[in-house]
Every structure is written in C-alpha cells, then in structure tokens.
1. Under 1.5 on a/c is rounded, so check that first for segment 54-164, then, if it is not, pick prolate when a/b is larger than b/c and oblate when it is not; a ≥ b ≥ c are the square roots of the alpha carbon gyration tensor eigenvalues.
2. How far apart, in nanometres, would the label points at GLU154 and THR30 be if each is projected 7 angstrom from Cα along the Cα-to-Cβ direction?
3. If you put +1 on each Lys and Arg Cβ and -1 on each Asp and Glu Cβ, how big is the dipole of the chain around its Cα centre, in Debye rounded to 20?
4. Placing +1 on the Cβ of each Lys and Arg and -1 on the Cβ of each Asp and Glu in segment 54-164, which of VAL97, VAL57, ALA114 has its Cα farthest towards the positive end of the resulting dipole?
5. Roughly speaking, what is the stretch gain from THR21 to HIS132, that is 0.36 nm per residue apart minus the C-alpha to C-alpha distance, in nm to one decimal?
6. From a point 7 Å beyond the Cα of HIS75 in the direction of its Cβ, which residues of segment 115-134 have a backbone N at a distance under 20 Å?
7. Could you please state, rounded to a whole Å, how far the C-alpha centre of segment 43-62 is from the C-alpha centre of segment 117-170?
8. Calculate for the chain the 222 nm mean residue ellipticity that helices alone would give, adding -39,500 (n - 2.57) per DSSP H run of length 4 or more and normalising by residue count, nearest 500 deg cm²/dmol.
Amino acid sequence: MAAPDYVPVAQGDRPRLALGTPGHGGWTATRPGDLTDRQPSGAYFGNQGPDQGYAMVLAERFHDRLLVTPGEDAHDVEAGCLGVGLARASLFGRAPVIHDLELAYGLWGYLDTAPADLVEFRKPLFAGASHHYWDQRAIVDLVPEATLRLTPAEVRRRVGEWRALITAGA
C-alpha cells in the first residue's frame with residue numbers, strides 16, 4: 001500500500017528504477033529440419049491446417065446418417081471422406097467445420113441415394129481406406145479445388161453429375 005507524502009521514506013526503501021533488458025537478437029532457421037519458407041506441398045504431403053483432429057469428432061456425427069451399400073464399411077467411408085473435408089478446411093485456411101464433412105460425404109453420395117455408377121466407382125476406392133493411408137490420399141487427390149470451393153448443398157444437388165466433380169471419374 002502506498003504511503004502518504006508526509007511519511008518519511010528511507011533512501012533504501014524507495015522504488016528502484018527497472019533495469020532495461022536487452023531485446024532478443026532475432027531467430028533464423030539454421031537447423032536441418034527447419035522450414036525456411038512455407039510448408040512443403042505436393043503429392044502425398046497432405047493438407048496442413050489448424051485443429052485437424054476435430055474433424056474426427058465431426059465425422060462421427062454423420063455415422064448414423066451414412067447410406068452405405070452392402071459390401072461397404074462405414075469406417076472406410078469415414079476415413080476416406082475425412083481427408084476430403086480436411087482438404088477443404090485447409091483450402092480456406094481454417095479448422096474443419098461440419099460443412100466440410102457434409103461436402104465430402106455428399107460428394108461421394110453417402111448422404112443421399114447415390115447413382116448406381118457412382119456406387120460402382122466408389123466401392124473399390126473406399127474398400128480398406130481406414131487401414132491404408134495411401135488409399136485415403138488417392139480419394140482426396142480425386143477431388144479438385146473447384147469442387148472443394150462449392151457449397152455442400154451445391155455438391156449434393158449435383159451428385160448425379162459426379163464425374164464432373166472429380167478429376168478421374170471414368
């Protein structure tokens with residue numbers, strides 16, 4: 001508590017001036033593993049973004065809504081669509097939201113009745129995806145940036161023309 005002005009204070013009890021601390025000299029990336037420019041990108045590097053683990057929570061919210069056909073496993077579907085949702089989130093530079101996963105599931109026809117040719121195309125693509133990272137990457141790599149920029153409602157409306165929404169829909 002501060003003392004009134006009329007109370008005598010000994011010289012040793014007076015507040016001392018703070019010593020200035022020197023500033024940091026700066027930091028540079030000099031270690032072999034340091035990134036000097038940007039995060040690397042390219043085939044098989046994935047899509048970097050904040051809080052990507054939250055997408056797994058969001059993916060589970062769709063588990064009971066998925067329309068999988070006989071021979072398809074919901075866990076494989078979740079693993080394959082998770083990467084598509086994360087690619088969309090990182091494209092916009094943010095953490096994943098529910099709409100990213102809705103677009104991913106809607107694109108592959110898992111939220112509505114899918115056309116027979118899409119089911120035939122996706123079955124071998126998603127088979128075992130929950131166990132194989134490269135299969136997950138292959139699914140993500142089929143979805144171009146233009147499709148990721150669409151709204152989930154637009155993708156679900158255009159699921160009948162699914163070949164135009166992916167890069168290799170033969």
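1. Working: a/c = 1.38, a/b = 1.15, b/c = 1.20.
The shape class here is rounded.
2. 4.9 nm
3. Rounded to the nearest 20 debye, it is 460 debye.
4. VAL97
5. Working: separation 111, 0.36 × 111 = 39.96 nm, distance 5.31 nm.
The span from THR21 to HIS132 would gain 34.7 nm if fully extended.
6. Those under the cut-off are 123-134.
7. If we compute the Cα centre of each part, the gap is 16 Å.
8. Working: 7 runs with 65 residues, N = 170.
Per the formula, -11000 deg cm²/dmol.
We did not get these values from a lab; they are worked out from the coordinates using the rules stated. The structure presented is a predicted model; accordingly, all values stated were derived computationally and were not measured. Note: ideal-geometry Cβ built from the backbone for every residue, glycine included; neighbour counts use all protein chains shown.
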